[in-house]
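Beneath this line is the structure, given in structure tokens, with notes to follow.
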Amino acid sequence: MAAELPEYYFRVRENGAAVFRVDTENRQRRIEMDQIAVVNIKNGEIKPHGDRTLTEEDRETIQSWMEARVQVLAHRDIDDIFRTVDHMNLTTQWAQSRASDAQLEAVTDQLLLAMHDLRSTLVRKKADRIRKN
């Protein structure tokens, strides 16, 4: 099992991750994780943990992880938006075919405000893009 484990483990946090070096080569043959750094995806910062000094391999591995993580997050963002479009369509179908008057009364104002806010933002952003071109 020890040969299958990666050399580094990244514990994802809100804006990045805590980075651990994985060690299985000890007397008890237990998995030990030694924190070596904290990374911030938003500003690209890599901070060694405590008095650690990161090796070039550490920095390269961390940088590669950060680049891959940015791509994953970007993919998730757009996927969430496409899911929202689907959900809006399902909500429309629900409102038209299955919702009771009480259910509609409970959600109509919130939905109308959210849709108005979204529409206003989308129209403004589209106008900005058209003006740039």
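The values are calculated or read from the model by the stated rules, or taken from the named source; none is laboratory data. If you're wondering where the values come from, they're calculated on a predicted model, not measured in any experiment. We place every Cβ from the backbone using ideal geometry, glycine too, and count neighbours over all the protein chains shown.
Considering only residues of the stretch 110-133 that are of a type in the set (D, E, K, R) and more than 22 Å from I81 (Cα to Cα), which is nearest to the chain's Cα centre (by Cα)? Let's see the steps before the verdict.
Filtering the stretch 110-133 down to residues of a type in the set (D, E, K, R) leaves 117, 119, 124-126, 128-129, 131-132.
Next, only the ones that are more than 22 Å from I81 (Cα to Cα) stay: 131-132.
On the way: R131: 31, K132: 30 Å.
Once the filter is applied, the top-ranked residue is K132.
Considering only residues that are over 24 Å from the mean Cα position of the chain (by Cα) and part of a loop (DSSP other than H, G, I, E, B), which ones fall in the stretch 22-44? Within the stretch 22-44, T24, E25, N26, R27, Q28, R29, R30, I31 qualify.
Put simply, of V12, V38, V107 the only residue that is assigned by TED's automatic domain parsing to the domain that holds L122 and modelled with pLDDT of 95 or more is V107. Looking at the structure I just gave you, is E67 free of Cβ contacts under 8 Å to residues at least 24 places away in the same chain, farther than 30 Å from T108 by Cα and not assigned by TED's automatic domain parsing to the domain that holds L104? Yes, satisfied. The condition of being over 30 Å from V39 (Cα atoms) and outside the structural domain of V38 (by TED's automatic domain parsing) holds for only one of N89, N133, that being N133. The requirement of being within 30 Å of L118 (Cβ to Cβ), surrounded by 15 or more Cβ atoms within 10 Å (Cβ to Cβ) and either basic (K, R) or outside the structural domain of H116 (by TED's automatic domain parsing) (or both) is not satisfied by I81. Within the stretch 85-96, residues that are of a type in the set (A, V, I, L, M, F, W, C) sit with their Cβ atoms under 7 Å from residues that are assigned to a helix (DSSP H, G or I), at 6+ positions apart or across chains, in these pairs: A95/L104.
With part of a loop (DSSP other than H, G, I, E, B), free of Cβ contacts under 8 Å to residues at least 24 places away in the same chain and either of a type outside the set (A, V, I, L, M, F, W, C) or loosely packed, with under 11 Cβ neighbours inside 10 Å (or both) as the only criterion, which of R52, R76 stands out? Give the steps one after another, and end with the answer.
Details: R76 fails: part of a loop (DSSP other than H, G, I, E, B).
It is R52.
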